[in-house]
Structures are given as structure tokens and as C-alpha cells.
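The values are calculated or read from the model by the stated rules, or taken from the named source; none is laboratory data. Since the structure is predicted, the reported quantities are computational estimates derived from the model, not experimental observations. Note: ideal-geometry Cβ built from the backbone for every residue, glycine included; neighbour counts use all protein chains shown.
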Amino acid sequence: MFAEKACSLIKELSRCEEGLPPYNIELVKEVCTEIKQLHEQNKEDGAIVANESEIAGNVNPLYPTLRIGSAAVKRNIRCLLAYHYNRLRTLRTMRWQFGSILPPDIKTNLSSDEIDWFSKYSSCLGKYMRSIGEDGLNLCLDLRPPKSLYIEVKCLIDYGKFELSDGTVLLLKKDSRHYLPRSECEELITQGVFHHIV
Amino acid sequence: MDEIDIESALNEIENESDDEDEVQISLPEIIQLMEETWLNEKFSPEILPNKMEIVELLLDQITTLETNLKKLNNSDFKKGLYQMEVDRLRFLISSYLRKRLEKIEIFCTAILEQEKLRSQQGKDNYLSQNELQFAQEYDQSIKDNFESVMRFCPGIIETQIISPNIHSMVFLKSKENIDGIVIDDGNDDNDLIDLTTGAQVLIGYKSISNLVKNGDVHLI
């Protein structure tokens, strides 16, 4: 059936809501070939219909074929673009979560175009954030309204030394607990070094 | 602790240290304006005219406050309270700008077209200069990506422009007495309503989008 492969591309993406599945290059290629074939076929049929339409009162039997063909091309293209667009949106969310450097396990799931896009997005977002006020504002911080000044966090990995803005140096060990200013550890929480104990 | 107290206290230290105070509006007023702007942006379905002047005023104030805070002794009880308040202000600004970026990204092409129309008609742009640049770069990057996806068969690309649903319902609170708001629900028989100061209603956004933009009402 037409556009079945394109549909399965979309299904594959919607099954993993949180993460990003590997870029399915084979299926994308198959969908592309299908579009190309249909497009060629439509062009041929269209030419025949255009030639024969000069005969008055003739309802060409190719009309329905042509309609279905063109609908299938449109549907295929929409699915294909939706697949790529939604992957980019997920990537965008990741830019806000992880910062400008992607974890390697995610990077392996991307196509080269997507890696390009990510660095472009990252740089224009960075440029925008630097342009706010006099010396820029990091919008990736302060993601949630502050409830209290200090929060209790549990360290999930052996991180090593960590210097606070007032100069105190902490040694972060696995499973150690700390009571720190929220602004200092927000970044480490998103990176998964800390777990916020509520 | 009463929030207003902290704000006025903050204002005091700010005035003590800053003798040549050039800003005419006081900090509590800026904060109130910023809160209103933030709520409007948060609840309106479409992007609103930028209020970068308020953001910049508040950012300046935050910088001054932070320098003043550094002078306070660490063991001072007040320091914690002030720091908390500064953090909350910074969240306000970040959240406002983030919300705008989200809208710009999702409705990118639609917003850029509207902005182009506005420049042609000689109206003020809704986006700030930097936001506009971001929007253009973002739009271009998405289009580039689509084009490279469709590289195998050029010329048949057709994208759909996503635009906001300006008919969605919003809660608003009126700041003025406003008469004769036309409720635009797509039918011919349009109803009129009058709002008194402080009235709160649930209404379709399209009917009152102008009032939000000129500040007669605010969204809640």
C-alpha cells in the first residue's frame, strides 16, 4: 500500500517519546524511492491525460489513478518531513537539557544533517543568550521558579572536586549528601551528577 | 514574610548605594510591570510586542543588587532573603524570554511573515532585533534541513505553516472600564460585553488581543 513505509517511520518515532531512536536511514531511503517512483509515474500519466483531454467529452480513465498517485506523494512527503521535524524538536529539547555538547550515545543516533543542525541551533541560541543585557543571560538556568535558597542534593557519581562561587572546594563522592545553594547545583542536576532530594 | 516588604527593602539598599539614580520608575514598579508582561506572554497564544526595555531595566537593577549583596556579611540573615528575591527576579526574566523563544521556534515562518508585513506597513516590530536574528537563523536552519531531506527529488517540497490558534480561550482581568467588546465567535450575530475595572472574564483571545497589546487588560 502507498505510504505505508512513511507511516511506520512516524510510528517508530512516536513509540519513543522521551529519547531519540537511531536515524532510520534505510526506511527513509525506501520512502524517498517510493516518492520518486510515484512522482515519475504521475508525470507520465499527467502527460497522457493532458494529451487526450483535447478530445471533447472524454472522461479519461487515468484520472483516478492520477489523483491517488498525487495524494500518495503528498502524504509521503508530509510523513517524511514530520519525521525529520519532530526529531529536530527532540534535539532542541536536548540542547536545553544537556547544553551545547551532546552525550556520545545520543550522537550515534543522529544523521550527519542532524548533527549540522544541532550545531547551528546551538550557535544561534548561544548568540541570542549572549546578546541579552550587557553581558548575556544564560536562559538554560533558572528553569523552575526558586522555592528555597538551599536544596539538599545527593551525588550520584564520583565527580571529584567542585568549587563554589565563594571559593569553597567540595569533594563530591558517590552517595554523599550536600546542602548547597540552588543556583550552584542546578547545572549539575540537569547533567545528572546530582539528584535533588525533595 | 511579606513579599512587598522585601521588595521595598531591596529598593532601599539599591537607593543608598546608587546616588546618581537615573531611573525614574522604582524597582517595585518595574517588577510589577515585568510580572504582568510575563503573565501576558505566558497565557497569550500568539507572540506579543517585545518589552525589552523593561527586561533591560530589571537586569541592570539585578546587577546592582548583586554587587550590593556581595558587600553584606555572609552571616547576615537579610542576605539570604535578598538573594532569594534576586533569584526570583532572574527566573522571571529567563522564563519570559524562554517563553518567547518557544513561540518563535514553533510559529517561526508565520511570525517572520507577520513581521515583514509590519515593517512594510511602517508599524513597530514585535520581535526585538536579537530575536529577529534568532528567528531568521532558526527558520533557515529548518528549511536547510528539509531541503537536504528532499534532495533526491527537488522542486516538490511543500511545507505547512504552523500558526497559533488565536481563538483559544484566555482568562483576563480588566484594568480600565471598557465598553462594547465584540465577541467574535465566527457567527454573524456578534454579542457585545462591557468590562468594569477589575472585572475577570473568560473570553476568546481574538476578541481582546488589541486590549492586551495596549495594556488595558492583562491575562491571568
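So the values come out like this:
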| item | result |
| --- | --- |
| Flag for residue A:41 being more than 22 Å from residue B:142 (Cα to Cα) and within 12 Å of another protein chain (Cβ to nearest Cβ) | no |
| Subset of region A:148-197 (residues that are in a loop (DSSP other than H, G, I, E, B) and more than 30 Å from the chain's Cα centre (by Cα)) | A:148, A:149, A:158, A:164, A:165, A:166, A:167, A:168, A:173, A:174, A:175, A:176 |
| Among the residues listed as A:100, A:123, A:70, the single one being over 30 Å from residue A:51 (Cα atoms), within 11 Å of chain B (Cβ to nearest Cβ) and small (Gly, Ala, Ser) | A:123 |
| From A:81, A:88, A:102, residue being at pLDDT 90 or above and not small (Gly, Ala, Ser) | A:88 |
| Unique residue being more than 7 Å from chain A (Cβ to nearest Cβ) and in a helix (DSSP H, G or I) when the list is B:97, B:127, B:132 | B:132 |
| Unique residue being part of a helix (DSSP H, G or I) and either at the interface with another protein chain (Cβ under 9 Å from one of its Cβ atoms) or aromatic (Phe, Trp, Tyr) (or both) when the list is B:92, B:117 | B:92 |
| Residue B:187 part of a loop (DSSP other than H, G, I, E, B), more than 23 Å from the chain's Cα centre (by Cα) and loosely packed, with under 12 Cβ neighbours inside 10 Å | yes |
| Residue list for region A:151-191, filter: loosely packed, with under 14 Cβ neighbours inside 10 Å, within 14 Å of chain B (Cβ to nearest Cβ) and not β-branched (Val, Ile, Thr) | A:164, A:165, A:166, A:167, A:179 |
| Residues (surrounded by 15 or more Cβ atoms within 10 Å (Cβ to Cβ) and either over 24 Å from residue B:106 (Cβ atoms) or polar (S, T, N, Q) (or both)) located in region B:160-175 | B:163, B:173, B:174, B:175 |
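So that you can scan it fast, the table gives a plain yes or no per residue for (1) surrounded by 14 or more Cβ atoms within 10 Å (Cβ to Cβ); (2) over 19 Å from residue B:53 (Cα atoms):
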| position | (1), (2) |
| --- | --- |
| B:73 | no, yes |
| B:77 | no, yes |
| B:93 | yes, no |
| B:100 | yes, no |
| B:105 | yes, yes |
| B:108 | yes, yes |
| B:124 | no, no |
| B:128 | yes, no |
| B:138 | yes, yes |
